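A.B. asks: Here you go, one structure.
The values are calculated or read from the model by the stated rules, or taken from the named source; none is laboratory data. Because the structure is a prediction, the values reported are computed rather than measured. Don't worry about glycine lacking a Cβ; one is built from the backbone with ideal geometry, like all the others, and counts go over all protein chains shown.
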Amino acid sequence: MGVVGQFPLMSDIKRRTIRAPVNPLDKSTIVSILPKYIEERKHTIQPGVFVIQPGTYENPSILIVEPSSWWKEIDENQPLLEIPHSSIVVADSVVRDYCNGLIACDMASFMPGLFFVPGCKVALSKNETDYDVTLRWIKQEHKDKIEAANIKQKNWYTQLVRMADSLWAGSNGNPLCISSDMKMAARSLNLVNKEWLKDSQVMELVRCVACGHLKNPVYPICSNCKAISDPAKAKELGLVFAQ
């Protein structure tokens, strides 16, 4: 490695990652109706940061994706070899890598409203941007894909809510077992009366007087040792226990 004031060594020049010209027509559009900010990072390719803003069924958000490249090392005497990937491959990777890591997502019938279409539209007027024109194109020409994504997303929401109900019951009302996606699903399905949506309960956990296990004070029985920690509340609720 050279020092300040010296010309770069030939070996340093060969190791530089300099991209070849990119095809300006090679573009794809990622569409999101998920009301959630997404930042997908891929450290092995350039460009490798993909930010998708929250979207809805009525007003989807989009991200126009261009080709990305990674570099393969041959040996120390040769320049790094650029391996380009088309925008379709990159867009598909962004969608799949994000969705595959989500609970209750099967990438078929239950998944977030996230998909991509090849191509985009170029603004012909200075009063509009490529984003505006492409978004209008998506709404008009790919309405069927948005509708299909909405159905899959609702199915995914339903699965998340069912899972949250089960976790809430099995943990004796421990709010720490409810993920932010589960809460988002309940709000999106307008199930705002779910008890586990109350964020204030996160700070209300107390320790069982019998075993020290954290429990929700709303419930008089400890889920860990089954001790009746609040007999008065149990009597108030009319609970009867076997002797």
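A.B. asks: If I filter the range 172-179 for residues that are surrounded by fewer than 12 Cβ atoms within 10 Å (Cβ to Cβ), assigned to a helix (DSSP H, G or I) and in contact with a strand residue (DSSP E or B) (Cβ under 9 Å, 6 or more places away or on another chain), do I get at least one hit?
C.D. replies: yes
A.B. asks: Let me ask you something else. Determine whether Leu214 is in the same structural domain as Gly238 (by TED's automatic domain parsing), surrounded by 13 or more Cβ atoms within 10 Å (Cβ to Cβ) and modelled with pLDDT under 90.
C.D. replies: On the way: in the same structural domain as Gly238 (by TED's automatic domain parsing): yes; surrounded by 13 or more Cβ atoms within 10 Å (Cβ to Cβ): yes; modelled with pLDDT under 90: yes.
Yes; evaluated as a whole, the condition is true for this residue.
A.B. asks: Considering only residues that are hydrophobic (A, V, I, L, M, F, W, C), part of a strand (DSSP E or B) and within 29 Å of Lys143 (Cβ to Cβ), which ones fall in the range 57-116?
C.D. replies: If the condition is that a residue be hydrophobic (A, V, I, L, M, F, W, C), part of a strand (DSSP E or B) and within 29 Å of Lys143 (Cβ to Cβ), then Ile62, Leu63, Ile64, Val65, Leu114, Phe115, Phe116 are the ones that fit.
A.B. asks: Name the single residue, out of those in the range 57-101 being over 16 Å from Cys120 (Cβ atoms) and in contact with a Leu (Cβ under 9 Å, 6 or more places away or on another chain), that is modelled with the lowest pLDDT.
C.D. replies: Filtering the range 57-101 for residues that are over 16 Å from Cys120 (Cβ atoms) and in contact with a Leu (Cβ under 9 Å, 6 or more places away or on another chain), the one modelled with the lowest pLDDT comes out as Ile74.
A.B. asks: Of all residues in the range 24-49, which are within 21 Å of Lys152 (Cβ to Cβ) and part of a strand (DSSP E or B)?
C.D. replies: Scanning the range 24-49 gives Ser28, Thr29, Ile30, Val31, Ser32, Ile38, Glu40.
A.B. asks: Go through the range 142-193 and report how many residues are within 12 Å of Ile103 (Cβ to Cβ) and among the small types (Gly, Ala, Ser).
C.D. replies: 4
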